[in-house]
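Structure first, then comments.
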Amino acid sequence: MDKRISLIAANWKMHKTIGETVSFIETLQKEVGPCTDREVMIAPPYTALDAARKAMTMEGYKLAAQNFHWEEKGAYTGEISGPMLKDLGCDCVILGHSERRHLFGETDEMIQKKLAAAFKFGLLPILCVGEVLEEREAGRTLEVIGTQLERAVQGLSREESGKIVIAYEPVWAIGTGKTATPGQAQEVHLAIRQHIAALFDKEVANRLRILYGGSVKPDNVDALMAQPDIDGLLVGGASLEVSSFKRIVQYQFVEK
Ligand SMILES: O=C[C@H](O)COP(=O)(O)O
């Protein structure tokens, strides 16, 4: 199996001013130091991207936006484009987060356009997928995620598909304190890898990094990261305090 470098990502959602962002990043880097065996990604709000870029001075830290529009420019009031994010020094962009899907009506079709645009404009996409509680209870988890994946990757080349980062975020576990058990998360991560192998091939699937997100905390990080198909984490609430995010970044490494 290819070696996949882990990615620990912070999605700050609509939290933190410029000053709070700079102070957080400076403190985190001071306490954690450069990262060579894992990557740390921070997605502040748009308003703090520039300051965050300037504050990131150490190896292994990456900057992400939480969303963008697929067009390069045009009459799209309130939207931000890929070239604008590149201009600010962004490395990555989060796409199809469940809050974007459920609160702002993003469809699979919009997410597919965003995924293609991320490659066009040189941003690493982090594609979020996940089922709601009723879907899990109806035994439809793998079907729902399979459909989200198939629709999102439509039109991508084999090479592009191997570069995507996928974040599995069960909607019922986001911000609720209910985490998927390591076993539940592993089952879905393995299914995602198998699904990508069927859509493309095994080599692409083995290269793919799959993150888990949903109430990740210092006390469940090690068990989640010990699972063979969990390659990283997308952290919301617990990424807002340096002390908890630092512990998550410094998860206990297990050879897989
Ligand atoms: O993007 C992050 C996820 O929505 C998880 O959020 P949470 O860690 O607050 O549950």
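Just one of the numbered conditions (1) surrounded by fewer than 21 Cβ atoms within 10 Å (Cβ to Cβ); (2) in contact with a Ser or Thr (Cβ under 6 Å, 6 or more places away or on another chain); (3) outside any loop (DSSP other than H, G, I, E, B) is not true of F245; which one?
It fails just one condition, (1).
Quick one: which residue in E160, E150, E143 is touching a Phe, Trp or Tyr at 6+ places or on another chain (Cβ under 6 Å), among the acidic types (D, E) and either farther than 12 Å from G130 by Cα or modelled with pLDDT of 95 or more (or both)? Before you say what the answer is, go through the steps one by one.
Details: E150 fails: touching a Phe, Trp or Tyr at 6+ places or on another chain (Cβ under 6 Å); E143 fails: touching a Phe, Trp or Tyr at 6+ places or on another chain (Cβ under 6 Å).
It is E160.
Specify the residue that is nearest to the ligand (Cβ to nearest atom); the eligible residues are those in segment 105-121 that are small (G, A, S) and farther than 22 Å from L233 by Cα. So that I can check it myself, show each step before the final result.
To start, the set of residues in segment 105-121 that are small (G, A, S) comprises 105, 116-118.
When the remaining residues are screened for being farther than 22 Å from L233 by Cα, the result is 105, 116-117.
Numbers: G105: 17, A116: 22, A117: 20 Å.
Selected residue: G105.
Looking at (1) more than 16 Å from the ligand (Cβ to nearest atom); (2) of a type outside the set (A, V, I, L, M, F, W, C); (3) over 14 Å from the mean Cα position of the chain (by Cα), which one does H102 not meet, given that it meets all the others?
(1)
Tell me which residues, restricted to segment 1-47, are within 15 Å of the ligand (Cβ to nearest atom) and out of contact with any Lys or Arg (no Cβ under 9 Å at 6 or more places or on another chain).
Within segment 1-47, A10, N11, W12, K13, M14, H15, K16 meet the criteria.
What number of residues in segment 233-249 are in contact with a strand residue (DSSP E or B) (Cβ under 9 Å, 6 or more places away or on another chain) and more than 11 Å from the ligand (Cβ to nearest atom)?
Number satisfying all stated conditions: 1.
Can you tell me which residue among D108, D87 is touching a Gly at 6+ places or on another chain (Cβ under 9 Å) and within 29 Å of P45 (Cβ to Cβ)? Spell out the reasoning first.
On the way: D87 fails: touching a Gly at 6+ places or on another chain (Cβ under 9 Å).
Step by step, each of D108, D87 is checked, and only D108 is touching a Gly at 6+ places or on another chain (Cβ under 9 Å) and within 29 Å of P45 (Cβ to Cβ).
Which residue pairs have Cβ atoms under 9 Å apart, sit 6 or more places apart or on different chains, and have a first residue in segment 87-109 that is over 16 Å from G175 (Cα atoms) and a second that is of a type in the set (D, E) and surrounded by 12 or more Cβ atoms within 10 Å (Cβ to Cβ)?
Partner pairs satisfying both residue conditions: L88/D50; G89/D50; L95/E106; G96/E106; G96/D108; D108/E150.
What is the one condition in (1) within 16 Å of the ligand (Cβ to nearest atom); (2) at pLDDT 95 or above; (3) surrounded by fewer than 20 Cβ atoms within 10 Å (Cβ to Cβ) that A226 does not satisfy?
(1)
Identify the single condition in (1) under 15 Å from the mean Cα position of the chain (by Cα); (2) within 16 Å of the ligand (Cβ to nearest atom) that L208 does not satisfy, given that it satisfies every other one.
(2)
The values are calculated or read from the model by the stated rules, or taken from the named source; none is laboratory data. For clarity, every value in this text was computed on a predicted model and none was experimentally measured. Note that we place each Cβ from the backbone using ideal geometry, even for glycine, and neighbour counts take in every protein chain shown.
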